[in-house]
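The values are calculated or read from the model by the stated rules, or taken from the named source; none is laboratory data. Keep in mind that this is a model prediction, so the values were computed, not measured. When we count neighbours, we look across all protein chains shown, and the Cβ atoms used for this are built from the backbone with ideal geometry, even at glycine. All accessible areas refer to the heavy atoms of the entire protein, side chains included, with ligands and DNA or RNA removed. Shrake-Rupley method; radii C 1.70, N 1.55, O 1.52, S 1.80 Å.
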Amino acid sequence: MNLNERVISEIESLVEKSSLNRNHRYGFSYFKSPLVGFASVNNPLFSDYKDIIGDFHYHPKEFFETLPEDGTVIVWVLPVNEEVRKSNAKENRFPSLYWALQREYGERFNMLIRKHIQEYMKESGYNAVSPMLSDKWKRLDNTKVGLASTWSERHAAFAAGLGTFSLSDGFITRRGIAHRCGSVVTDAVLDINESEYSDHRENCLFFNNIAECGECISRCPAGAITEKGHDKSLCDKYTYNTIRRLRGDYYNVKTTGCGLCQTAVPC
């Protein structure tokens, strides 16, 4: 196997075999088989993001102390398991218990993958850093695009050709919109994915003129999604204040998530 195949195999093996990808009390897995993509650190999109998102958004090379001439951004998407999605599709105000457990413990598992792939690349003889594990990763509340961070794994996934964006600001892959993303930047030069998309919203039915949609609008209990787009501040307040306050202790989690706009919708 070449290095690309070995990296994919490592991620797939963790998803399939790790006990952290399973809720043993209720007997379900958080995620099913992953999608994995590779983008060059020299992809012009990463420079464009400094204009599109803000100059605070790091270029992948900036996560290294010494800027490499070349390298690769490894990105994976963990599709949420069907059992979890179906449980959330039944809800209309708060996320289901299964969804909240997936958000809390599934993301802990995702952090394990970030650490594992970072170390795997180092053991293979390369420099590597997962931006989400870096001291450089920060969340910013007041930017020209509203709530933002110094690294977006969804935008990295777009650069790696894994999907496009939605009306709700979600990321739609060929396996749908309900998922979690992860990434590692390395100075290893791997085979990269050429994007098949001509528009950054191509997979969203609301924009692509194939069918009228906008079903995520009615799915949002906070009214944060309209035909004009997604109000990130309103969404954040409802998800991390209202839901956490009313359901966090009940579900015994610190972070419940929401995900109603990612379930019971065509994407």
Next item on the list: Quickly work out the residue 234-to-residue 67 label distance, labels modelled 7 Å from Cα along the C-beta direction, and quote it in nm with one decimal.
Entry: 4.0
Margin query: Could you compute how much accessible surface residue 97 exposes when probed at 1.4 Å, giving the result in Å² to the nearest 10?
Written below: 50
Notebook entry, point to check: Which Cys residues of the chain have no other Cys Cβ less than 4.7 Å away and so no disulfide-compatible partner by this rule?
Noted result: 181, 204, 213, 220, 235, 258, 267
Check: Residues with beta-carbon under 12 Å from that of residue 88, excluding residue 88: net charge, scoring Lys, Arg +1 and Asp, Glu -1?
Finding: +3
Next item on the list: Give me the lysines in straight-line cross-link reach of residue 115: C-alpha distance below 20 Å, same-chain residues under 8 apart excluded.
Entry: 17, 32, 61, 136, 138
Checklist line | Extension gain, residue 242 back to residue 93 (0.36 nm per residue minus Cα-Cα distance, nm) | finding: 52.6 nm
Notebook entry, point to check: What FRET efficiency would be calculated for the residue pair residue 249, residue 202, taking the C-beta separation as r and a Förster radius of 35 Å, to the nearest 0.05?
Noted result: 0.30
Check: Sorting 48, 236, 55 by accessible area (1.4 Å probe), largest first, what list results?
Finding: 55, 48, 236
Item checked: Spin-label pair residue 135/residue 86, simplified geometry with 7 Å Cα→Cβ offset, distance in nm -> 4.8
Next item on the list: Report, in whole Å, the centroid distance computed from the Cα atoms of region 137-193 and region 24-100.
Entry: 5
Notebook entry, point to check: Where nothing but the Cβ of Lys and Arg (+1) and of Asp and Glu (-1) is charged, how large is the charge dipole of the chain around its Cα centre, in debye to the nearest 20?
Noted result: 1380
Next item on the list: Taking percent of Cα pairs over 34 Å apart as the quantity of interest, determine which of (1) 23; (2) 15; (3) 27 was computed from the displayed structure.
Entry: (2)
Next item on the list: Any chance you could look up the accessible area of residue 238 with a 1.4 Å probe, heavy atoms only, rounded to 10 Å²?
Entry: 30
Next item on the list: Check the straight Cα-Cα distances from residue 254 and name the lysines below 17 Å, setting aside those fewer than 8 residues away within the same chain.
Entry: 237
Check: Carbon and sulfur atoms: what percent of the 1.4 Å accessible area of region 1-151 do they account for?
Finding: 45
Check: Roughly how many Å² of residue 206 are accessible to a 1.4 Å probe, to the nearest 10?
Finding: 60
